[in-house]
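Here the structure is laid out as structure tokens; the discussion comes afterwards.
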Number of protein chains: 4
Amino acid sequence: MNKLKIGSVGLGRLGIRHAENIAVKLQHAELTALCDINESLLNATADRLNVPRRYTRFEDLIADDDLNAVVIVSPSALHTGQIEAALQAGKHVFSEKPLGVTLDECRQAERAVEAHPDKVFMLGFMRRFDESYRYAHDKVKAGEIGRPVLFRSYSQDPEKFIDGAIAFAPHSGGQFLDMAVHDIDLARWFLDSEPESVYAVGGCYAHPEFAESQDGDNVSCLMKFRNEAMVFLFAGRTAPHGYNVETEIIGTKGILRIASVPQKNLVEILDSGGVRKECSENFLERFSESYVNEMEEFVDCIRTGRKPEVTVYDGTKVSEIAYTCKEAFETGELIKL
Amino acid sequence: MNKLKIGSVGLGRLGIRHAENIAVKLQHAELTALCDINESLLNATADRLNVPRRYTRFEDLIADDDLNAVVIVSPSALHTGQIEAALQAGKHVFSEKPLGVTLDECRQAERAVEAHPDKVFMLGFMRRFDESYRYAHDKVKAGEIGRPVLFRSYSQDPEKFIDGAIAFAPHSGGQFLDMAVHDIDLARWFLDSEPESVYAVGGCYAHPEFAESQDGDNVSCLMKFRNEAMVFLFAGRTAPHGYNVETEIIGTKGILRIASVPQKNLVEILDSGGVRKECSENFLERFSESYVNEMEEFVDCIRTGRKPEVTVYDGTKVSEIAYTCKEAFETGELIKL
Amino acid sequence: MNKLKIGSVGLGRLGIRHAENIAVKLQHAELTALCDINESLLNATADRLNVPRRYTRFEDLIADDDLNAVVIVSPSALHTGQIEAALQAGKHVFSEKPLGVTLDECRQAERAVEAHPDKVFMLGFMRRFDESYRYAHDKVKAGEIGRPVLFRSYSQDPEKFIDGAIAFAPHSGGQFLDMAVHDIDLARWFLDSEPESVYAVGGCYAHPEFAESQDGDNVSCLMKFRNEAMVFLFAGRTAPHGYNVETEIIGTKGILRIASVPQKNLVEILDSGGVRKECSENFLERFSESYVNEMEEFVDCIRTGRKPEVTVYDGTKVSEIAYTCKEAFETGELIKL
Amino acid sequence: MNKLKIGSVGLGRLGIRHAENIAVKLQHAELTALCDINESLLNATADRLNVPRRYTRFEDLIADDDLNAVVIVSPSALHTGQIEAALQAGKHVFSEKPLGVTLDECRQAERAVEAHPDKVFMLGFMRRFDESYRYAHDKVKAGEIGRPVLFRSYSQDPEKFIDGAIAFAPHSGGQFLDMAVHDIDLARWFLDSEPESVYAVGGCYAHPEFAESQDGDNVSCLMKFRNEAMVFLFAGRTAPHGYNVETEIIGTKGILRIASVPQKNLVEILDSGGVRKECSENFLERFSESYVNEMEEFVDCIRTGRKPEVTVYDGTKVSEIAYTCKEAFETGELIKL
């Protein structure tokens, strides 16, 4: 079988990573086209990765008849429209989260996916493709920890990236939408259930700038899910030690902790700082393998005619919950669903 | 200076431990009298610890003119009355938590303490006397972690003691009062602030029996404190691995985790279970030293005329918060203070 | 540039892994041919990996003019002859360790490599391509731990593979040659120096069968290197917890420990076994990435005309040291070099 | 029963600690007398600990008829003579290691102990009284790790005390006698066996001053014991991270590691250094409890007429082995016993 021909749009940090993975790491796909409005970045990246076709307009990308699939890593506000247009143009679509920046957009995306049942649509919840998360998920599904009692998950960005986070704040949708969506996805994946109540708190502990966007630099929420499980999520932008994504699932028979030390590698250092492990710098380092794995899954779904585990409805559901968290945070009130 | 003469009431597990510590570990005090309604246990313990005087009635214990101080480790329902009577009888008083089983009782205890300003009154919040908690507290107070963002604390009893917990459930006041009070005390101690909102969830995940007492086998709450800090507390009775008390304080400049592995000792075992550490069995093992340290502090306060850091008002405040958590849990509503 | 065409000989566990990596993971190479005497295994593997050409005789493999390079994963006794023949046939050569089963063979391999200076020759010391070892090596070379004082390295195979190890014992050359060679390579790589004395001990602690091959089931040696560094190596076949390869480098300014817990992944389990991490099963799991990385390096050396960091002389040197350890073990005497 | 009256000689750091422990921590003993040639230190310490009798001459201390026991924490060169004199004077004797600074002295001490069979004599191998070492020892004796294969033990002093170590070097007897004796004692205790061969290496990696005393700043040895167990010991004076005493016992069925992270307490710090634990500062911090436990054991032996587990012959044996290590280190030759 010939290699799948993929075109990718958006060359931010994650867009470049996806492009590299498709170009270099995937056996059954090739990066045939790149699209970005920044022409010099576009050409430099395409040159480096030997990508023959370059587009500065998305409509030209999807008009390329050679392409089987499109990978969307553009700004969030463009996602829904591009998903719709790409499906319309007959492409399989992989899109980074979020599905849309409003719930209406999410539902619009749902309709687009429903209108093209023969196309593969996949959302980028890469944590599900991390080896350790997957291992833990298998154990939970096999009943090894009994009934889930508490699901706790943290997403912390390092303080050293704070300037970028502040600049991006007005467009991020707030931390629940920008960061906690991944934890929300994990909670639903591990618990197979939906929230019925949400209470959220937080604030600007170090950086008052976030208040201008009705956001905090650190926020958290406590939810009760329909299966009675408690869910505590924390998202922060001021981690002193590095990029920290950790999850704990307390069950009646066992407890699993994933990445409770966000270690960079297997090296332990003993020096004047004591006995220590250095930490992951950012999501690209921590989830390096996951990004490859999820793209392999996308390609494999197309090749084998399978549908991905995550559906477009999961995308809507996660956004819905994140919006509810945001509302709970902004109003200071308990929200029952 | 002569040794302080102490009489202790109540010979449950913790009562026996306090008796042993006073008898054996304290340099400046001696265990002069013991009191318990179970006469054979009383005599056996007193014989073993060489305690000359034995009483089956509390009024006889406090009538003993030789005694300088009384240690109260009796059932919770008796605390307030015994605190009052002991102070009235001219004794310094150390009492285990809670101060009282209702807020009225707590205020009654406050008045009793206020009426005897020359007497030392101390409540048994032993975690403050744990070497690691103290070390972390020093760092927080010295500003080493910046501004506190999230305070997270767990108290988990091992599943293997569940039968006792079920039997005791109707009298425990529920998990927030029985277990989480220590975490509430820690939160106030580390944050120097009070809660302004409380949301609590939980359930009977393994043992429906707790529902009969309007309790859960695992519960949690999320609070916002006046200084904006987020506080997440979790208490459970089904820990598969042992007795687990752990605390995390996330600050803007650093994060501290206390006992995130509840290790029994410094031995690591590599066998078919992987690389593992065995865990503490119960509070007496984990806080063995703390119980000695707090009693030394009590004795030292009496000897030097100091007042303990924890006041009777802290006892009321902690109970008040625990009751609010309990109400939030029972009603399912957010409570603003 | 066209993809490099590689033929691989030997389909044991590691041979299959190399074949898979070349076929699936390498961007700039393709697996064009496979060779094994077991025809059904050969065909099954070649079918699975879409490898067009299959040979049961090594001379046919190297006679294939399309091939640019040969990867040798055959039994140790065949290595030297196949290296020689493949170079002679004009192929670049990657060979698994050992270079030869005698020092004479090693020198024969040296002469073959010297006779083909335009060809890339690389030995499979995969640990050098492990991310954590590389990270530690960078730190040591940058002087971050000061002067190396003690280099300690363990190679332990899990007890559960003992039957295979016993069966293979007469052909393994003993543990110093079979297992410790990797640690010897690491010691030379980290220390940039050579041993000047060797003392070795060990025995059959659980499996007397190894004595028949003048081997032990667990052995160790202490060496002094010319730069004064102490080197302690331990190799064992009875690890109760899994596959354990760990290294410690104690320097005057810092200490590095690599993989002191041979964790399978980032999941921590809290259950009746305490707080634990499951361990790697075998070398294929632990060094999964390293095997890809080293093959990428081989291909890249060919494509860019570079020579690999490890030379054929390193192969001889490591064998020489392993033989010295073996002799020290067998005689019980200190050997000075 | 009345309290045991103890006199203690020597007010170095450890001498002061023993004095404090006897004065403050022991239930069944009291510190009745102190002896030191430094009169102002003597008086200051005695005042602080309320010790009534003070002597500047050892002969006066042991002439004190009220004393039941003498604790010897004087310079090593005085040990044997003081042990002999104290036993002669009818006292029970606790002595810090070493028994003597030559093997002749050790045997002289043996004869003194033999001449007073009614007296308790105990040597200060405090590690045996550490909770974690004891826990591990119980497991080994219960057969939980199968047959011991490798015993590895480290004693590392922090670099920050190097000036004192250099000043003391000419009188220390070298690192095997000064530091590794504790590891030698542990090896014999865990293995119940004696060495039959010793090879030792080391050097002055950071501090050439030690060479003047035929010592190194870091040394190690590999021994084979009669039960076939391998023993690797390492002693160093340049630890960058703190006071590090760790031990590993690899058995055929399990592996135990004691204090592989020399953590100060249960606090984990997450900051710019990564995720880290601070380390113990020195032996007084690490073995704080052990020093109390061993003195309690000494007192209990006297009170109950038992003999301590460690005999005078163990003291000789350990010295003998340490001298053999020293000789192996100085000559560079393998020594068979």
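The values are calculated or read from the model by the stated rules, or taken from the named source; none is laboratory data. These numbers come from a predicted model, not from an experiment. Because the Cβ atoms are built from the backbone with ideal geometry, glycine has one as well, and the counts that use them run over all protein chains shown. Just the protein is used for accessible areas: all its heavy atoms, side chains included, with ligands, DNA and RNA removed. Shrake-Rupley method; radii C 1.70, N 1.55, O 1.52, S 1.80 Å.
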Here is a list of conditions, (1) under 16 Å from D:Val71 (Cβ atoms); (2) part of a helix (DSSP H, G or I); (3) of a type in the set (D, E, K, R), and D:Lys119 meets all of them except one; can you say which number that is?
(2)
Top-ranked residue in the stretch C:254-284 [being open to solvent by less than 30 Å² (accessible area, probe 1.4 Å), touching a residue at least 12 places away in the same chain (Cβ under 8 Å) and not in a loop (DSSP other than H, G, I, E, B); ranked as nearest to A:Tyr133 (Cα to Cα)]
C:Gln263
For the stretch A:146-168, check the following and say yes or no: at least one residue is within 14 Å of chain C (Cβ to nearest Cβ), open to solvent by 20 Å² or more (accessible area, probe 1.4 Å), assigned to a loop (DSSP other than H, G, I, E, B) and not hydroxyl-bearing (Ser, Thr, Tyr).
yes
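Is it fair to say C:Asp138 is over 19 Å from the mean Cα position of the chain (by Cα) and either within 30 Å of D:Phe234 (Cβ to Cβ) or open to solvent by less than 60 Å² (accessible area, probe 1.4 Å) (or both)?
Here the answer is yes, as C:Asp138 does meet what is asked.
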Would you say B:Gly7 is at negative phi and among the small types (Gly, Ala, Ser)?
yes
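Quick check, is A:Arg303 touching a strand residue (DSSP E or B) at 6+ places or on another chain (Cβ under 9 Å) and either within 14 Å of chain D (Cβ to nearest Cβ) or at pLDDT below 95 (or both)?
no
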Would you confirm, using the coordinates I've provided, whether A:Val181 is within 23 Å of A:Glu327 (Cα to Cα) and assigned to a strand (DSSP E or B)?
no
Search result, residues across the stretch D:97-123 that are crowded, with 21+ Cβ neighbours inside 10 Å and acidic (Asp, Glu)
D:Glu105
Got a sec? Which of A:Gly173, A:Gly143 is of a type outside the set (Ser, Thr, Tyr), open to solvent by 20 Å² or more (accessible area, probe 1.4 Å), within 14 Å of another protein chain (Cβ to nearest Cβ) and on the phi > 0 side of the Ramachandran plot?
A:Gly143
Residue check for D:Arg127: part of a helix (DSSP H, G or I), open to solvent by less than 30 Å² (accessible area, probe 1.4 Å) and in contact with a strand residue (DSSP E or B) (Cβ under 8 Å, 6 or more places away or on another chain)
yes
In the set A:Asn21, A:Asn43, A:Asn2, the lone residue that is out of contact with any Gly (no Cβ under 6 Å at 6 or more places or on another chain) and farther than 24 Å from C:Leu49 by Cα is A:Asn43
Which residue, of C:Ile269, C:Ile255, C:Ile249, C:Ile321, is within 14 Å of chain B (Cβ to nearest Cβ) and more than 18 Å from C:Val120 (Cβ to Cβ)?
C:Ile269
Residue match in the stretch A:15-24 (condition: within 26 Å of A:Phe283 (Cα to Cα), surrounded by fewer than 14 Cβ atoms within 10 Å (Cβ to Cβ) and touching a Ser or Thr at 6+ places or on another chain (Cβ under 9 Å))
no
Which of the residues that make up the stretch D:91-104 are in a helix (DSSP H, G or I) and free of Cβ contacts under 8 Å to residues at least 12 places away in the same chain?
D:Asp104
Can you tell me which residues in the stretch C:209-226 are within 12 Å of another protein chain (Cβ to nearest Cβ), outside any strand (DSSP E or B) and open to solvent by 10 Å² or more (accessible area, probe 1.4 Å)?
C:Ala211, C:Arg226
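Could you tell me whether C:Asp47 is open to solvent by 10 Å² or more (accessible area, probe 1.4 Å) and in contact with a Cys (Cβ under 8 Å, 6 or more places away or on another chain)?
No, not satisfied.
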The residue from B:Arg107, B:Arg134, B:Arg147, B:Arg152 that alone is in contact (Cβ under 8 Å) with a residue 40 or more places away in the chain, within 28 Å of B:Gly242 (Cβ to Cβ) and among the basic types (Lys, Arg) is B:Arg152
Please go through the stretch D:3-50 and pick out each residue that is among the β-branched types (Val, Ile, Thr), over 19 Å from D:Arg303 (Cα atoms) and not in a helix (DSSP H, G or I).
D:Val9, D:Ile37
For the stretch A:51-90, which residues satisfy the criterion of being part of a loop (DSSP other than H, G, I, E, B), touching a Lys or Arg at 6+ places or on another chain (Cβ under 7 Å) and without any contact (Cβ under 8 Å) to a residue 60 or more places away in the chain?
A:Asp64
Going through C:Tyr243, C:Tyr199 one at a time, which residue ends up being among the aromatic types (Phe, Trp, Tyr), buried (at least 21 other Cβ atoms within 10 Å of the Cβ), in contact with a helix residue (DSSP H, G or I) (Cβ under 9 Å, 6 or more places away or on another chain) and within 14 Å of chain B (Cβ to nearest Cβ)?
C:Tyr243
Can you say whether B:Asp163 is without any contact (Cβ under 8 Å) to a residue 24 or more places away in the chain and not polar (S, T, N, Q), as far as the supplied structure shows?
yes
Go through the residues of the stretch C:274-281 one by one and say whether even a single one is of a type in the set (D, E, K, R) and more than 13 Å from every other protein chain (Cβ to nearest Cβ).
no
